[in-house]
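Undergrad: Next up is a structure, given as C-alpha cells.
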Amino acid sequence: MKTVTMRVDDTVYQMIKLAAQGQKRNISNFIEYATTQYLTSSEYIENTEMEDILKDDILTDNLKSGFKDLKMGIIQLSDFKIAETKTFEKVKKHIDIKLYTKIKNIVYPQLRLNPFYGNYRLFYFKNC
C-alpha cells in the first residue's frame, strides 16, 4: 500500500468531504473509490441530456455543420467552440463559481487544443 499526499483548493476539498460523508467513507477511502470508479467506468451521456441536445435545433445544426467542415478540412479541431447543453446550464447554477471559473479558464482551452484531454464526449450524427 502506498501513501499519497495531495493539495487541493478549499472548494474542491469541501466537495470531496461532502461526497465522502454522503458515501459514509473517510476522505482517503472516498478518493480511492472515486478514482477507481473514474478509471474503470465508461462515460455515457444521460438520456435526458441527449434528449436536450437533440431537441436544440441550433446546437445540433452547429454540431453537424462543424463536423462537415472538419471532414472537408475547412477547419481544424482547435477552431471549435465549447457547447454547453441546457442540462449543463441547469447544473452550472449549482457549481461553485471558483470551480466553474477553473473549468472555463483551464479545461475549455485545453479541450480546444486537444479534444482528447481528460474525460470528453463526442457526438456523432447520422447523415453528416
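None of the figures in this text is laboratory data; all of them are computed from the coordinates on show. The structure presented is a predicted model; accordingly, all values stated were derived computationally and were not measured.
Undergrad: With θ set to phi - 60°, apply the Karplus curve 6.51 cos²θ - 1.76 cosθ + 1.60 along region 63-73 and write out the HN-Hα couplings as whole Hz, x wherever there is a Gly or Pro.
TA: 5, 5, 5, x, 5, 5, 4, 5, 4, 7, x
Undergrad: For the pairs K68/K92; K17/K104; K17/K102, flag any whose C-alpha to C-alpha distance is greater than 22 Å.
TA: K68/K92; K17/K104
Undergrad: Under a straight-distance cross-link criterion of Cα-Cα below 17 Å, which lysines are reachable from K71, leaving out those fewer than 8 residues away in the same chain?
TA: K81, K126
Undergrad: Expressed in nm to one decimal, what extension gain is obtained for the pair L99 and D10 from 0.36 nm per residue of sequence separation less their Cα-Cα distance? Walk me through the numbers before you get to the answer.
TA: Working: separation 89, 0.36 × 89 = 32.04 nm, distance 1.04 nm.
Taking 0.36 nm per residue and subtracting the Cα distance, the gain is 31.0 nm.
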